[in-house]
Each structure stands twice: as C-alpha cells, then as structure tokens.
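In what follows, a single structure is set out as structure tokens and then discussed.
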Amino acid sequence: MLSCRRSLLSQTIKRKTKNKPKNKTKVKTHKKVSRTRDFIPKNMHLEDNEEEVGFNLKSSAPSRSHGVQPLGNLYFNPGAINSRNIGLGTLQILSDELVLEILGLLEGTQLGVLATVSKSFYVFTSHEPLWRNLVLDNLKGRFFYNRSWKVTYISTFHPSFDVSRIARSSGLRVRDFYSDYLFQSWLCANLEMKPEWLERDNIIRKRGISVDDFLTNFEEPNKPVLLEGCMDNWDALGKWDRDYLVNLCGDAQFAVGPVKMRLDDYFSYADQVKEERPLYLFDPKFAEKIPTLGSEYDVPVYFREDLFSVLGNRRPDYRWIIIGPAGSGSSFHIDPNSTSAWNAVIRGSKKWILFPPDVVPPGVHPSPDGAEVACPVSIIEWFMNFYDATKDWKKRPIECICKAGEVIFVPNGWWHLVINLEESVAITQNYVSSLLSFRNMKSVFGERLIGMLATEVEKRRNLLNVLDFLKKPNASKLVSGTTDRINLYENFKNAIEASFPGTIDGLRLKAKQKKMSFWDSVTDSKVGAFKFSF
C-alpha cells in the first residue's frame with residue numbers, strides 16, 4: 001500500500017491572450033521547487049534570470065477551480081489578503097491538507113451545509129476527491145458517473161435536486177484565494193505531457209530473438225527489453241476494442257481501484273473524467289470471469305515457464321487486464337513478491353520509466369522494510385517536479401513508449417512508473433524465472449538432470465530472490481495477491497522441492513561458492529588448513 005505525500009508548487013500561472021490560444025499556459029518558476037510550505041519564502045519573487053517553462057493544458061481543461069491561484073501569486077499582489085484565511089477563521093492555522101483531512105470525516109449533507117458558511121469553505125468543500133471518496137465508500141461500484149464526483153453523489157442520493165444548479169455554481173470565482181495544494185491538484189489534472197517528457201527512448205528493442213538469447217542477454221543480467229512481434233498471432237490484438245469488450249463482458253464486474261464496475265460504466269466514467277488520479281481498471285480474475293478473454297492471448301514464448309505455477313490454484317495473483325484513460329497509470333513501485341513481469345499493450349500506448357534496483361527514483365522514499373513508499377500524489381506531479389533532475393544522473397533511467405503490439409520485460413526489483421498516453425488496454429503477468437532450459441535438459445539427460453540442475457539453475461537466480469523475499473520477518477505485510485501470506489513461503493518451497501528435487505539446495509550452494517573470497521577458497525573452513533586442490 002502506498003503512503004503518498006504531496007509536494008507543493010510555488011509558481012505563477014498566466015494564460016496567454018495573444019492570438020487567443022485555448023490551451024497554452026506559461027509557467028514561471030524557481031529552478032528549485034519547494035516541497036513543503038515551511039520552505040516557501042515569504043518574500044518569494046521572480047527574477048529576470050529565472051527560466052520560463054511552457055506547459056500545454058488539455059483542450060478540455062476547465063477554468064481554474066473557483067479561481068484558486070498558487071500561493072506564490074500572493075507575493076506579487078501588494079496589499080492582497082488571502083481570502084482562504086479570512087473564510088476559515090481560527091482554522092486558518094491548519095494546512096490545506098489537514099483541513100481536507102477533517103472535511104473527509106463529514107458526510108455529503110454536512111459538506112453541503114458547511115459550503116454555505118463562507119466562500120473559503122465553499123472552495124474546500126468542492127474539492128473533488130472528497131466527493132469521490134463519498135461515492136466510492138457509499139456506492140461501491142453501483143454508480144453511474146455524471147460529469148463530476150459531486151454531481152454523481154448528489155444525483156444518486158438526492159435525485160430530486162436540480163444538478164444543473166451545481167454546474168452553474170461551478171463557475172463561481174473567489175477573489176484572492178491562494179493555495180498551492182488546491183491549485184496543483186487542478187494543474188496536474190489538466191496538464192498535457194510535455195514533449196520533452198516523451199522524447200527519451202533508450203530501451204533496447206528486439207524482434208524475433210530466440211529464447212536462449214532472451215535468457216542470456218536480458219533475464220539473466222536482469223535488464224529490461226522491449227519485444228516486438230511476439231503478439232502478432234493474438235486474437236485480442238484485432239478484437240479488443242470498446243464495443244467488443246463491452247458486448248463480451250456484459251454485466252461482469254471488474255476491479256477498479258477500491259470498487260468493482262461493469263465495463264460499460266467504467267468507459268462512461270473514463271470519457272468524462274478530469275481528475276489528477278483517474279481510476280484504473282486492474283483485474284486479476286478477468287480470465288475466470290470471462291474465459292474468452294483468457295483464450296484470446298498467448299503468453300509470449302519467453303515467459304511460458306513460471307516457477308509459481310507449481311502452486312496451482314494456491315499461487316498468488318499473477319495476471320491482470322489493465323484498462324485506463326489518458327493520464328491513468330501506476331506511480332513508482334516494484335512488482336510484488338520479487339517477481340519479474342511482462343506487459344503487453346493491446347490498445348493505446350504507455351510511457352515507461354524504469355530505475356534499476358540499486359537506484360531509488362527521485363521523490364520516492366521507501367521505508368526501511370519496504371512495506372510503504374512515500375511518493376508524489378500523482379504521476380504528472382512527479383514529472384513536473386523530478387523528471388528533469390534525472391537528465392544529469394550517472395545512472396539514468398530506462399525510458400520508452402510501448403505501443404499496441406509491443407511487450408516490455410520488467411526484471412525483478414526494478415522501480416517503474418507507467419502512464420497511459422491515450423486510452424489503453426493491456427495484459428500483464430508476473431512470473432518467477434524460466435524452467436524452459438530444465439525441461440529441455442530433462443528430455444535429453446533424464447535422471448542425470450538432478451545432478452546437473454544446480455549448474456543450470458544458477459542462471460535462474462530469481463528463485464532464491466523470491467524465496468528470500470517470502471521468508472522475510474515482515475513478509476505478511478509485503479506479500480500480495482494471496483489470502484495465505486503466512487504460509488506462502490513453506491508452500492512454495494515444498495512445491496519446488498517436490499517438482500524439482502535438490503534445486504534449492506543446489507542454488508544456495510552455488511550462491512555460497514560464488515561469494516567465497518580467494519582466501520576462503522584455499523582454506524579449509526573446518527580446521528583452518530590450506531587446501532592444495534587449487
């Protein structure tokens with residue numbers, strides 16, 4: 001579970017009026033963006049040598065929510081008083097985040113009453129995430145999204161209310177209301193991806209390579225690769241458009257964030273949504289719900305053998321159908337249970353950013369035990385505040401745009417962020433190394449395989465990574481995708497030993513030998529004498 005903390009943006013935004021462009025915005029900003037309000041200087045101002053950075057707003061972007069401005073603008077308006085503070089009264093000493101945390105404890109009717117107290121409370125109680133939480137908590141997936149979360153809530157619980165009044169009041173402008181928190185929420189929901197965020201493409205691309213080439217050059221060294229052409233025979237590639245999926249899936253409910261929704265209801269939501277973190281359809285049981293979906297794609301040949309398969313129906317969740325609108329995606333994370341993964345795009349395109357296991361992405365702060373990750377609240381916020389910093393890093397991230405018909409291999413332990421550049425449909429699976437070489441060897445060597453298994457399996461070191469991960473003292477917090485977190489280690493270890501006797505012991509022996517120093521290799525560990533076998 002992610003524990004996210006928002007960074008604040010001290011910037012001034014002004015909409016250009018020359019030639020009256022509809023979606024062009026200029027941002028003037030200090031080169032270093034403050035992370036918390038405590039570090040925003042009271043006398044902040046723009047100097048002549050500060051850079052000017054251009055951002056494009058989405059063509060459908062609404063006007064700034066009730067005229068909220070970034071806090072930095074307050075310092076360019078001599079004599080102005082922040083109406084936020086006036087309207088909050090004694091609560092003005094609280095941060096915006098804390099005010100919203102308190103409002104999040106209220107029901108919809110209470111928010112409606114509070115909105116009449118002052119303009120400041122009207123702005124805060126109109127914050128869409130408050131109404132989103134109310135809809136998701138109270139209605140689960142049984143709702144039909146209607147223009148906004150606030151309208152959706154009111155039209156559901158108070159159907160006699162004229163929701164057109166909400167649309168008219170949404171144009172209410174509050175003068176001199178300054179809030180980095182509320183402004184950035186609006187900005188991140190409405191920014192287009194900057195072209196320079198999409199230019200870098202340094203991943204290795206391969207087409208038609210052999211399984212041995214993949215294992216030797218990518219899986220064994222734990223390196224990402226984008227594979228082309230391995231989806232060409234998928235029925236899904238030609239069939240899975242909106243109409244087909246909606247007709248095929250009917251009333252089936254799919255996991256969408258914390259709720260379950262019918263596919264046609266989700267698409268209706270995706271067409272209308274304008275929010276910082278769109279809901280993402282991410283369902284691990286799609287093939288059980290709709291078997292046809294599971295039959296219309298094939299696991300690429302590079303990933304067909306999976307050690308977790310020895311657990312049968314007891315294995316953790318390992319495959320998902322993923323559907324989301326532009327702007328949806330996954331912030332930085334490492335795949336569960338120390339597995340590797342592949343992700344195949346069937347419709348749309350995705351921007352990927354990957355950091356190796358020994359490099360923590362900027363702005364991301366994992367806890368010592370790995371159970372939680374503190375990160376920017378949205379993907380766009382990470383791009384705005386941290387992406388440019390990676391250009392000068394010695395270990396720069398691997399980046400690419402994965403398009404329909406392409407598959408990306410994500411090695412175990414790699415941090416990765418994904419954002420949909422357009423409405424996208426994909427399939428992803430997690431797995432534990434490959435047994436292809438073992439089975440080929442067994443057909444040739446028969447029982448002699450057991451004696452040779454340790455040498456061959458050394459290249460499949462991910463098995464030990466997974467076992468060590470599952471055995472951690474806090475594994476019950478870290479393991480995901482299964483209801484039996486406590487016994488997963490023993491179940492998996494026993495199943496591996498039953499299917500491939502001697503494999504784990506052989507791996508650990510090889511790993512130990514590999515770590516021995518020269519002095520250890522020539523010294524008898526029991527009596528301290530030199531060995532003469534070198």
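The values are calculated or read from the model by the stated rules, or taken from the named source; none is laboratory data. Computed from a prediction, not measured in an experiment: that's the story for all the values here. No Cβ is skipped: glycine too gets one built from the backbone with ideal geometry, and neighbour counts run over all protein chains shown. Side chains are part of the model used for accessible areas, which takes the heavy atoms of the whole protein and leaves out ligands, DNA and RNA. Shrake-Rupley method; radii C 1.70, N 1.55, O 1.52, S 1.80 Å.
Residue-wise test of (1) under 17 Å from Ser126 (Cα atoms); (2) modelled with pLDDT under 90; (3) part of a loop (DSSP other than H, G, I, E, B).
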position: Phe143; (1), (2), (3): no, yes, yes
position: Lys150; (1), (2), (3): yes, no, no
position: Gly171; (1), (2), (3): yes, yes, yes
position: Ile203; (1), (2), (3): no, no, yes
position: Asp213; (1), (2), (3): no, no, no
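May I ask you to list pairs of residues, at least six apart or on different chains, whose Cβ atoms are under 6 Å apart, with the first in the stretch 72-84 being closer than 18 Å to Ser95 by Cα and the second being open to solvent by less than 60 Å² (accessible area, probe 1.4 Å) and basic (Lys, Arg)?
No pair meets every condition.
Is it the case, given these coordinates, that Ser160 is of a type in the set (Gly, Ala, Ser), more than 30 Å from Glu305 (Cβ to Cβ) and exposed (fewer than 13 other Cβ atoms within 10 Å of the Cβ)?
Numbers: of a type in the set (Gly, Ala, Ser): yes; more than 30 Å from Glu305 (Cβ to Cβ): yes; exposed (fewer than 13 other Cβ atoms within 10 Å of the Cβ): yes.
Taking the combined requirement at face value, the residue satisfies it.
Show me the strands (runs of 3 or more DSSP E) entirely contained within the stretch 258-339 in which 3 or more residues are over 26 Å from Leu187 (Cα atoms). Show your work before the answer.
On the way: elements: 259-262, 281-283, 319-324, 329-333.
The qualifying strands (runs of 3 or more DSSP E) are 259-262, 319-324.
Restricting attention to the stretch 236-262, and to residues there that are closer than 14 Å to Val425 by Cα and in contact (Cβ under 8 Å) with a residue 60 or more places away in the chain, which single residue is most open to solvent (accessible area, probe 1.4 Å)? Spell out how you get there, then give the answer.
So the first thing to find is which residues in the stretch 236-262 are closer than 14 Å to Val425 by Cα, and the list is 236-246, 254, 256.
Going one step further and asking which of them are in contact (Cβ under 8 Å) with a residue 60 or more places away in the chain, we end up with 236-237, 240-241, 245, 254, 256.
Working: Ala236: 0, Leu237: 47, Trp240: 1, Asp241: 68, Leu245: 2, Phe254: 4, Val256: 0 Å².
Looking at the filtered set, the residue picked out is Asp241.
Any idea which of Tyr181, Tyr153 is touching an Asp or Glu at 6+ places or on another chain (Cβ under 6 Å) and not assigned by the TED database to the domain that holds Ile427? Before you say what the answer is, go through the steps one by one.
Working: Tyr153 fails: touching an Asp or Glu at 6+ places or on another chain (Cβ under 6 Å).
Checking each option against the conditions leaves just Tyr181.
List, please: which pairs have Cβ atoms under 6 Å, are six or more places apart or on different chains, and start with a residue in the stretch 213-233 that is at negative phi and end with one that is among the acidic types (Asp, Glu)?
Between residues of the stretch 213-233 that are at negative phi and residues that are among the acidic types (Asp, Glu), the close pairs are Leu226/Glu406; Glu228/Glu406.
Among Glu296, Glu275, Glu305, Glu288, which is the only one that is of a type outside the set (Lys, Arg), more than 27 Å from Asn233 (Cβ to Cβ) and outside the structural domain of Leu136 (by the TED database)? It would help to see each step written out before you state the result.
On the way: Glu296 fails: more than 27 Å from Asn233 (Cβ to Cβ); Glu305 fails: more than 27 Å from Asn233 (Cβ to Cβ); Glu288 fails: more than 27 Å from Asn233 (Cβ to Cβ).
Unique residue meeting the criteria: Glu275.
Within the bounds of the stretch 116-138, is there any residue that is touching a Gly at 6+ places or on another chain (Cβ under 6 Å) and either assigned to a loop (DSSP other than H, G, I, E, B) or within 17 Å of Ser164 (Cα to Cα) (or both)?
Yes: the stretch 116-138 contains one or more residues that are touching a Gly at 6+ places or on another chain (Cβ under 6 Å) and either assigned to a loop (DSSP other than H, G, I, E, B) or within 17 Å of Ser164 (Cα to Cα) (or both).
Quick one: Leu311 ticks every box in (1) over 29 Å from Ile398 (Cβ atoms); (2) in contact with a strand residue (DSSP E or B) (Cβ under 9 Å, 6 or more places away or on another chain) except a single one, so which number is it?
Evaluating Leu311 over (1) over 29 Å from Ile398 (Cβ atoms); (2) in contact with a strand residue (DSSP E or B) (Cβ under 9 Å, 6 or more places away or on another chain) leaves (2) as the failure.
Give the stretch 171-218 a look and list any residue that's among the charged types (D, E, K, R), within 27 Å of Lys391 (Cβ to Cβ) and either out of contact with any strand residue (DSSP E or B) (no Cβ under 7 Å at 6 or more places or on another chain) or open to solvent by 70 Å² or more (accessible area, probe 1.4 Å) (or both), or say none.
At the first step, the residues of the stretch 171-218 found to be among the charged types (D, E, K, R) are 173, 175-176, 180, 192, 194, 196, 199-201, 205-207, 212-213.
Narrowing further to those that are within 27 Å of Lys391 (Cβ to Cβ): 180, 192, 194, 196, 199-201, 205-206.
Asp180, Glu192, Glu196, Glu199, Asp201, Arg205, Lys206 - these are the residues of the stretch 171-218 that are among the charged types (D, E, K, R), within 27 Å of Lys391 (Cβ to Cβ) and either out of contact with any strand residue (DSSP E or B) (no Cβ under 7 Å at 6 or more places or on another chain) or open to solvent by 70 Å² or more (accessible area, probe 1.4 Å) (or both).
Which ones in the stretch 66-96 are part of a loop (DSSP other than H, G, I, E, B), hydrophobic (A, V, I, L, M, F, W, C) and open to solvent by 20 Å² or more (accessible area, probe 1.4 Å)? Explain how you work it out, then say what you get.
From the stretch 66-96, those part of a loop (DSSP other than H, G, I, E, B) are 68, 70, 77-82, 94-95; that's our starting set.
Within this subset, residues satisfying the condition of being hydrophobic (A, V, I, L, M, F, W, C) are 68, 80-81, 94.
Residues satisfying the conditions are Ala80, Ile81, Leu94.
What do you reckon, is Thr125 over 23 Å from Asp271 (Cα atoms) and outside the structural domain of Ala270 (by the TED database)?
On the way: over 23 Å from Asp271 (Cα atoms): yes; outside the structural domain of Ala270 (by the TED database): yes.
Considered against the rule, which asks whether it is over 23 Å from Asp271 (Cα atoms) and outside the structural domain of Ala270 (by the TED database), Thr125 comes out as yes.
Looking at (1) closer than 29 Å to Trp234 by Cβ; (2) of a type in the set (Lys, Arg); (3) open to solvent by 30 Å² or more (accessible area, probe 1.4 Å), which one does Arg396 not meet, given that it meets all the others?
(1)
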